[in-house]
Amino acid sequence: MTTGLRPRDFVWVIADRLATSERIGGHGFQHRRVRREEELAWLKDQGITVVVSMLPGNQNLASYEAMGMQVIHEPLDEEYSDEDVARVFDALTKALADPAGRVLIHRDFVDDTVAGVLAGHLVHSGKVDDPIVAAAVIQEILGRPLGPEARAMIPAIDA
(Lines give C-alpha, C1' and ligand atoms only; values in the text may rest on other atoms or scores of the structure.)
Protein backbone atom coordinates (compact mmCIF):
# COMPACT_ATOMS: atom_id res chain seq x y z
CA MET A 1 0.00 0.00 0.00
CA THR A 2 1.29 3.43 -0.95
CA THR A 3 1.68 5.99 1.80
CA GLY A 4 1.57 9.76 1.53
CA LEU A 5 0.15 12.06 -1.10
CA ARG A 6 1.01 12.09 -4.80
CA PRO A 7 2.59 15.46 -5.72
CA ARG A 8 0.65 17.66 -8.13
CA ASP A 9 1.46 17.12 -11.80
CA PHE A 10 3.67 14.12 -10.97
CA VAL A 11 4.49 12.09 -14.07
CA TRP A 12 7.16 9.58 -15.02
CA VAL A 13 9.08 10.89 -18.05
CA ILE A 14 11.24 7.78 -18.27
CA ALA A 15 9.44 4.92 -16.53
CA ASP A 16 10.78 4.31 -13.01
CA ARG A 17 13.87 6.47 -13.73
CA LEU A 18 13.00 10.14 -14.30
CA ALA A 19 9.93 11.99 -13.06
CA THR A 20 8.75 15.55 -12.72
CA SER A 21 6.22 17.38 -10.58
CA GLU A 22 5.49 20.80 -9.22
CA ARG A 23 7.40 21.93 -6.12
CA ILE A 24 6.89 19.46 -3.27
CA GLY A 25 4.45 20.94 -0.75
CA GLY A 26 3.20 23.53 -3.20
CA HIS A 27 4.52 26.97 -4.04
CA GLY A 28 4.26 30.42 -2.54
CA PHE A 29 1.33 30.96 -0.19
CA GLN A 30 -0.06 27.52 -1.06
CA HIS A 31 2.98 25.74 0.40
CA ARG A 32 2.06 23.61 3.40
CA ARG A 33 4.48 21.74 5.65
CA VAL A 34 2.07 18.84 6.21
CA ARG A 35 1.47 18.52 2.47
CA ARG A 36 5.25 18.58 1.87
CA GLU A 37 5.76 15.79 4.41
CA GLU A 38 2.97 13.69 2.86
CA GLU A 39 4.34 14.21 -0.66
CA LEU A 40 7.88 13.36 0.49
CA ALA A 41 6.58 10.13 2.05
CA TRP A 42 4.89 9.27 -1.27
CA LEU A 43 8.06 10.01 -3.24
CA LYS A 44 10.12 7.88 -0.86
CA ASP A 45 7.58 5.07 -1.28
CA GLN A 46 8.04 5.37 -5.06
CA GLY A 47 11.78 4.91 -4.64
CA ILE A 48 12.88 8.45 -5.53
CA THR A 49 16.57 8.66 -4.60
CA VAL A 50 17.63 11.98 -6.17
CA VAL A 51 15.88 15.34 -6.40
CA VAL A 52 17.09 17.88 -8.95
CA SER A 53 15.70 21.25 -7.94
CA MET A 54 15.71 24.06 -10.47
CA LEU A 55 14.22 26.53 -7.97
CA PRO A 56 16.19 29.76 -7.62
CA GLY A 57 16.21 29.42 -3.81
CA ASN A 58 16.99 26.54 -1.49
CA GLN A 59 13.36 25.68 -0.67
CA ASN A 60 12.89 22.11 0.62
CA LEU A 61 16.50 21.01 0.07
CA ALA A 62 17.03 20.16 3.75
CA SER A 63 13.72 18.24 3.77
CA TYR A 64 14.83 16.09 0.84
CA GLU A 65 18.14 15.34 2.53
CA ALA A 66 16.34 14.49 5.79
CA MET A 67 14.36 11.86 3.84
CA GLY A 68 17.64 10.32 2.64
CA MET A 69 17.42 11.67 -0.89
CA GLN A 70 20.43 13.06 -2.72
CA VAL A 71 19.90 16.71 -3.68
CA ILE A 72 21.23 18.45 -6.76
CA HIS A 73 20.43 22.15 -6.81
CA GLU A 74 20.69 23.69 -10.26
CA PRO A 75 18.81 27.00 -10.17
CA LEU A 76 17.19 28.00 -13.42
CA ASP A 77 15.31 31.28 -13.11
CA GLU A 78 13.51 33.30 -15.77
CA GLU A 79 16.74 34.75 -17.17
CA TYR A 80 18.93 31.80 -18.12
CA SER A 81 21.70 31.24 -20.63
CA ASP A 82 22.54 28.27 -22.83
CA GLU A 83 25.31 27.46 -20.32
CA ASP A 84 22.75 27.34 -17.49
CA VAL A 85 20.61 24.89 -19.47
CA ALA A 86 23.66 22.76 -20.33
CA ARG A 87 24.52 22.69 -16.61
CA VAL A 88 21.05 21.26 -15.85
CA PHE A 89 21.43 18.66 -18.62
CA ASP A 90 24.76 17.59 -17.08
CA ALA A 91 23.17 17.42 -13.61
CA LEU A 92 20.43 15.13 -14.96
CA THR A 93 23.01 12.93 -16.65
CA LYS A 94 24.91 12.68 -13.35
CA ALA A 95 21.72 11.97 -11.39
CA LEU A 96 20.71 9.20 -13.80
CA ALA A 97 24.18 7.59 -13.80
CA ASP A 98 23.17 5.19 -11.02
CA PRO A 99 21.12 2.50 -12.80
CA ALA A 100 19.13 1.87 -9.61
CA GLY A 101 18.42 5.55 -9.02
CA ARG A 102 15.08 7.25 -9.48
CA VAL A 103 15.21 10.98 -10.13
CA LEU A 104 12.66 13.75 -9.64
CA ILE A 105 13.24 17.13 -11.30
CA HIS A 106 11.09 20.13 -10.47
CA ARG A 107 10.44 23.85 -10.28
CA ASP A 108 7.42 25.64 -8.79
CA PHE A 109 5.26 24.36 -11.68
CA VAL A 110 5.66 21.94 -14.56
CA ASP A 111 6.03 24.86 -16.95
CA ASP A 112 7.74 25.50 -20.29
CA THR A 113 11.13 25.59 -18.59
CA VAL A 114 10.67 22.11 -17.12
CA ALA A 115 9.24 20.81 -20.41
CA GLY A 116 12.15 22.30 -22.36
CA VAL A 117 14.72 20.80 -20.01
CA LEU A 118 13.09 17.38 -20.28
CA ALA A 119 12.89 17.45 -24.09
CA GLY A 120 16.39 18.87 -24.30
CA HIS A 121 17.74 16.18 -22.00
CA LEU A 122 16.30 13.47 -24.27
CA VAL A 123 18.39 14.88 -27.14
CA HIS A 124 21.43 15.80 -25.01
CA SER A 125 21.60 12.26 -23.58
CA GLY A 126 21.18 10.62 -26.99
CA LYS A 127 17.91 8.91 -26.04
CA VAL A 128 16.18 10.69 -28.93
CA ASP A 129 17.98 11.82 -32.08
CA ASP A 130 15.46 14.29 -33.46
CA PRO A 131 14.57 17.50 -31.55
CA ILE A 132 11.08 17.48 -33.11
CA VAL A 133 10.47 13.94 -31.85
CA ALA A 134 11.79 14.91 -28.39
CA ALA A 135 9.32 17.82 -28.28
CA ALA A 136 6.46 15.56 -29.40
CA VAL A 137 7.33 12.91 -26.81
CA ILE A 138 7.42 15.41 -23.94
CA GLN A 139 4.18 17.03 -25.12
CA GLU A 140 2.51 13.63 -25.03
CA ILE A 141 3.91 12.72 -21.61
CA LEU A 142 3.08 16.06 -19.99
CA GLY A 143 -0.25 16.44 -21.80
CA ARG A 144 0.50 20.02 -22.82
CA PRO A 145 2.04 21.79 -25.79
CA LEU A 146 5.58 23.11 -25.66
CA GLY A 147 5.88 26.83 -26.23
CA PRO A 148 8.72 28.63 -27.99
CA GLU A 149 10.70 28.97 -24.73
CA ALA A 150 10.67 25.20 -24.23
CA ARG A 151 11.53 24.46 -27.85
CA ALA A 152 14.49 26.85 -27.71
CA MET A 153 16.04 24.70 -24.96
CA ILE A 154 16.20 21.58 -27.12
CA PRO A 155 19.70 21.22 -28.60
CA ALA A 156 19.93 21.04 -32.37
CA ILE A 157 21.54 17.95 -33.84
CA ASP A 158 24.56 18.65 -36.04
CA ALA A 159 24.02 17.13 -39.47
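Along Cα→Cβ, 7 Å out, is where each label goes; now give me the distance between the ones at residue 87 and residue 65 in nm to one decimal.
1.9 nm
Round to a whole angstrom and tell me the spacing of the C-alpha centers of the range 21-75 and the range 91-142.
18 Å
For the chain, what does the accessible surface come to per residue with a 1.4 Å probe? Please give it in Å².
On a per-residue basis, the chain sits at 50 Å².
Using a 1.4 angstrom probe on heavy atoms only, work out the carbon and sulfur share of the accessible area of the chain in %.
Using a 1.4 Å probe with all protein chains present, the chain comes out at 53 percent carbon and sulfur.
Do any GluC sites (Glu not before Pro) in the range 1-91 lie in a DSSP loop with no more than 16 other beta carbon atoms within 10 Å, and if so, which?
Taking the range 1-91 and a limit of 16 other Cβ atoms within 10 Å, the loop GluC sites (Glu not before Pro) found are 78, 79.
On C-alpha positions alone, give me the angle between the axis of helix 112-124 and the longest principal axis of the chain, in degrees, nearest 10.
The angle comes out at about 60 degrees.
Per-residue HN-Hα couplings for the range 53-65, Karplus 6.51 cos²θ - 1.76 cosθ + 1.60 at θ = phi - 60°, whole Hz, x for Gly and Pro?
9, 9, 5, x, x, 9, 4, 6, 4, 5, 5, 5, 4
Against the longest principal axis of the chain, how steep is helix 131-142, in degrees 0 to 90 to the nearest 10, with axes from Cα atoms?
30 degrees
By how many degrees, 0 to 90 and rounded to 10, does the Cα axis of helix 33-45 deviate from the longest principal axis of the chain?
70 degrees
For the range 23-91, run through the trypsin sites (Lys or Arg not before Pro) and keep only the ones in DSSP coil with at most 14 other Cβ atoms within 10 Å of their Cβ.
32
Using the Cα centre as the reference, give the magnitude of the dipole from point charges on the C-beta atoms of the range 46-143 (Lys, Arg: +1; Asp, Glu: -1; all else neutral), rounded to the nearest 20 debye.
Its charge dipole is roughly 500 debye.
Which is farthest toward the positive dipole end of the chain among 146, 73, 126, measuring Cα position about the Cα centre, with Cβ charges +1 (Lys, Arg) and -1 (Asp, Glu)?
73
The values are calculated or read from the model by the stated rules, or taken from the named source; none is laboratory data. All values reported here derive from a predicted model rather than from experimental measurement. All Cβ positions, even for glycine, are placed from backbone atoms using ideal geometry, and neighbour counts span all protein chains on display. These area figures cover heavy atoms from the full protein model, side chains too; ligands, DNA and RNA do not enter into them. Shrake-Rupley method; radii C 1.70, N 1.55, O 1.52, S 1.80 Å.
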